[in-house]
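Colleague: Structure below; questions to follow.
None of the figures in this text is laboratory data; all of them are computed from the coordinates on show. Since we're looking at a predicted model, the values are computed, not measured. Methodologically, a virtual Cβ is constructed for each residue, glycine included, from the backbone with ideal geometry; neighbour enumeration extends over all protein chains shown.
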Amino acid sequence: MVPMLPGALLGGVALQTLYRLVARRSLGSLLDYLRRVATWGWIVLWLRMWFAAMLMTYSYFWLKVSVPLLNEHLWDPQLWTLDRLLHAGLSPSIFVTQLFKGSFFVPLIDRWYGTWVTTIFYTMAFFSAAPEPLFRRRFMASCVFLWTLGSWIYFALPALGPVYTVPDVWADLRGQMPRAQSAQLALWENYQKLIAGRTGILKRFNPTLGVAAMPSLHVGGHWLFALWAHRRARPLFVVFLVATLLTFTGSLLTGWHYAVDGYAGILLAWLCYRLAILGEPAGRGEHQGEGSSARGPEQDKPAAGKTDGTAGATAVEAP
């Protein structure tokens, strides 16, 4: 992952610059931002955050791919039943596949779902390149919480996903979703190698191709970004809200997830968001603001007795 760091840095700063020019339309805000980026404190914190992100990614991949060796039980039948119980006896998977079968929406979702990793990478780059240190630490902490706790839930509740357990539901859609089909085949072949490893003969496998359904961190990741956008980049909230809805629909249409996986991912994202905020409350000496009205209700408010330690101004972040 080390060769990806320059792209994360340059991409994040470029996206922050574009955001200030388009959403805030403030040259002063942009110049202030660039001055902050050019400080050692900003750069060191950025390196700390991305080191944490690399450790998170490494542990996530290895635990996820090892689930078949650690817990042989599968909860797919129970999740399929729970999906029907939560939706008045109707399977969301069957409903969505029948609703969109043969439409232009199917290949569109196939392409969208295939760009998920790219959207995650550049959104993390964007938020981690923000100027406020407290916000940056909280954001990356929430990401670490989400993907780490999510991987342990994979271990606690192993599930392959409906496309593997009831494949006939997607028989009529396979030709319309070549990206999803190719990825699902690669993951299944890798999963079979892990299954064979239960006998003690574990042949070469790919640690990045683990299979897990509960919770959906595809959906949870985009919802986590929506929460942070609502807090610090309000104009982008609708963008990430739409992304969450498309990803949730795509998780059903491609067969990667049960609907309850998406609900669990959204709940987990909210819990990790709150945990990151509660884990590091805004305190004395924490400089917050850029004075932008685009931040809406999250704009810093005065608090008696709490100074930012730099210019005698008072600042506190809303919880």
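Colleague: Please give, to one decimal in nm, the separation of the simple spin-label points placed at F51 and R25, each 7 Å out from Cα toward the Cβ.
Modeller: 4.2
Colleague: Could I ask something else about it? Can you find, among L27, W152, T57, the residue sitting farthest towards the positive end of the charge dipole of the chain, where Lys and Arg contribute +1 and Asp and Glu -1 at Cβ?
Modeller: The residue sitting farthest along the positive end of the dipole is L27.
Colleague: For the range 214-267 and the range 109-164, what is the separation of their C-alpha centers, rounded to whole Å?
Modeller: After rounding, the separation between the Cα centres reads 10 Å.
Colleague: Select from L217, L108, L246 the residue whose mean-square fluctuation is largest in a Gaussian network model of the chain (Cα-Cα springs shorter than 10 Å).
Modeller: With Cα springs under 10 Å in the chain, the top fluctuation among L217, L108, L246 is at L108.
Colleague: By count of other Cβ within 10 Å, fewest leading, how are K203, K101, K193, K64 ordered?
Modeller: Listing K203, K101, K193, K64 from fewest to most nearby Cβ atoms yields K203, K101, K193, K64.
Colleague: Where a ≥ b ≥ c are the square roots of the eigenvalues of the C-alpha gyration tensor, would you call the range 1-64 rounded, which needs a/c under 1.5, or, failing that, prolate if a/b is larger than b/c, or oblate?
Modeller: Values: a/c = 3.21, a/b = 2.11, b/c = 1.52.
In terms of gyration-tensor shape, prolate.
Colleague: Quick check of the Kirkwood formula: for the chain, what is the inverse mean of 1/r over all pairs of different Cα atoms, in Å?
Modeller: Values: mean 1/r = 0.0472 Å⁻¹.
Answer for the chain: a Kirkwood hydrodynamic radius of 21.2 Å.
Colleague: Would you look at the GNM of the chain, springs on alpha carbons closer than 10 Å, and say which of G262, G89, G210 moves the most?
Modeller: G89
Colleague: For the pair E280 and R35, what calculated FRET efficiency results from E = 1/(1 + (r/R0)^6), where r is the Cβ-Cβ distance and R0 = 30 Å, to the nearest 0.05?
Modeller: Here the calculated transfer efficiency is 0.75.
Colleague: Can I ask one more? Multiply the residue gap between V2 and A196 by 0.36 nm, knock off their C-alpha separation, and tell me the result in nm, one decimal place.
Modeller: Taking 0.36 nm per residue and subtracting the Cα distance, the gain is 66.6 nm.
Colleague: Would you calculate a helix-derived [θ] at 222 nm for the chain, using -39,500 (n - 2.57) for each DSSP H run of n ≥ 4 and dividing by the full residue count, to the nearest 500?
Modeller: Helix-only estimate at 222 nm: -21000 deg cm²/dmol.
Colleague: Rounded, prolate or oblate: which fits the range 84-145 when a ≥ b ≥ c are the square roots of the eigenvalues of the alpha-carbon gyration tensor, with rounded for a/c under 1.5 and prolate only if a/b beats b/c?
Modeller: It is oblate, given that a/c is not under 1.5 and a/b is not larger than b/c.
Colleague: Determine, for H218, H257, the number of other Cβ atoms within 10 Å of each Cβ, and report the residues in order from fewest to most.
Modeller: Exposure proxy ranking, most exposed first: H218, H257.
Colleague: What number, in percent, do you get for the relative contact order of the chain if the mean sequence gap of Cα pairs under 8 Å and at least 6 apart is divided by its residue count?
Modeller: On the way: 445 pairs, mean separation 70.0, N = 319.
About 22 percent, as a whole number.
Colleague: Which shape class applies to the range 149-223: rounded if a/c is under 1.5, otherwise prolate when a/b exceeds b/c and oblate if not, where a ≥ b ≥ c are the square roots of the Cα gyration tensor eigenvalues?
Modeller: On the way: a/c = 1.85, a/b = 1.16, b/c = 1.60.
Oblate, since a/c reaches 1.5 and b/c is not below a/b.
Colleague: If you don't mind, another one. Compute the separation of the alpha-carbon centres of the range 45-61 and the range 19-40 and state it in Å as a whole number.
Modeller: 26
Colleague: Once the piece of chain linking W188 and T208 is laid out straight, how much longer is it, given 0.36 nm per residue of separation minus the C-alpha distance between them?
Modeller: Fully extending the segment from W188 to T208 adds 6.0 nm.
Colleague: Could I ask something else about it? If R0 is 30 Å, what FRET efficiency do you get for T118 and Q78 from their C-beta distance, rounded to 0.05? Show your work: numbers first, answer last.
Modeller: Numbers: r = 33 Å, r/R0 = 1.11.
It comes out at approximately 0.35.
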